[in-house]
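A short reminder: the numbers here are calculations on the coordinates, not readings from a lab. Not measured: the values here are computed from a predicted model. Ideal geometry is used to build each Cβ from the backbone, glycine not excepted, and the neighbour counts take in all protein chains shown.
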Amino acid sequence: MKKMWRTLLITSLLSLIMSGLTSAQTNGDYAPVAKSSDTHPAFIQDMYTDNGKTYIVVDDIEWYEGKEADAVFAQREPEFGQMGAPSGYYIVNDNTKLQTFEIQRDATVLMQIYNRNGSPEEAQIVWNEPITLNNFKAIFSKDAVIHEYPYHLTVKNGKIVNIVQQYIP
C-alpha cells in the first residue's frame, strides 16, 4: 500500500510540474521508446566521473503506457483500477537494487524537455533532441527536476550506449 501511494504521489507531482509546461512547443509527435532486450527503463540515481570514465547508478523500473498501463494498474491497484493509469502511464519498481554502468564516451543522449536557459517555466518540448554526454552531465548536476524522469537505457557489452529521456505527460 505504501508503494502504491508513493507511485501515485510521484505521478501527481510530475503531472503538476508538467501542467505548468502545457503551453510548451513541440516538434513532431510523441512516440513511445521501442522495447528491446538491451533497452530498459530506469531512474538515474547518480552520475559521476572516475579516471576519465563516466558512470551512472540506476534503479531499474518497469514502464507502461496506454492500454498496457491501464491493465497493469488495474491488476496491481484493484481498488483504483477502474480509473485507469494516472496520466496514461504506470511505473512499477518492485526491485530497488541499484546498478552501476559505465557510459560509453560516444553514447547518444536524447532529451524531450529540460531547462535550457535557466528559466524552467520557459522549457519547451523538443522530441528526441540530441545533446552531448557532457551537456547531459552538466544538466543532471544542476537540475533536480531532471532526476525525476525515467530514462530508457541501452546497454551493449556492459556499457550504456544510448540514453533516452522518457517524456511524462
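List of remarks:
- Label-to-label distance, nm, for residues given as residue 129 and residue 68 (7 Å Cα→Cβ offset): 2.7 nm
- Rounded to 0.05, the FRET efficiency of the residue 98 and residue 29 pair, given R0 = 30 Å and the Cβ-Cβ distance, is 0.35.
- Residue exposure sequence - 63, 127 - by fewest surrounding Cβ within 10 Å: 127, 63
- Pairs exceeding 26 Å between alpha-carbon atoms, taken from 53/142; 97/156; 67/159; 67/97; 137/159; 97/137: 67/159; 67/97.
- Inter-probe distance in nm under a simple model that places probes 7 Å from Cα toward Cβ, at residue 157 and residue 108: 1.8 nm
- Sorted by Cβ neighbour density within 10 Å, fewest at the top, the residues 30, 167, 90, 55: 30, 55, 167, 90
- Length gained on full extension, residue 122 to residue 145: 6.9 nm, using 0.36 nm per residue less the C-alpha separation.
- FRET efficiency for the pair residue 51 and residue 138, taken as 1/(1 + (r/R0)^6) with r the Cβ-Cβ distance and R0 = 22 Å, rounds to 0.65.
- Neighbourhood net charge (13 Å Cβ-Cβ; Lys/Arg +1, Asp/Glu -1) for residue 149: -3
- Panel order for 39, 100, 54, by other beta carbons found within 10 Å of each beta carbon, from fewest to most: 100, 39, 54.
- Anisotropy class of the range 23-127 from Cα gyration tensor, a/c 1.5 cut: oblate
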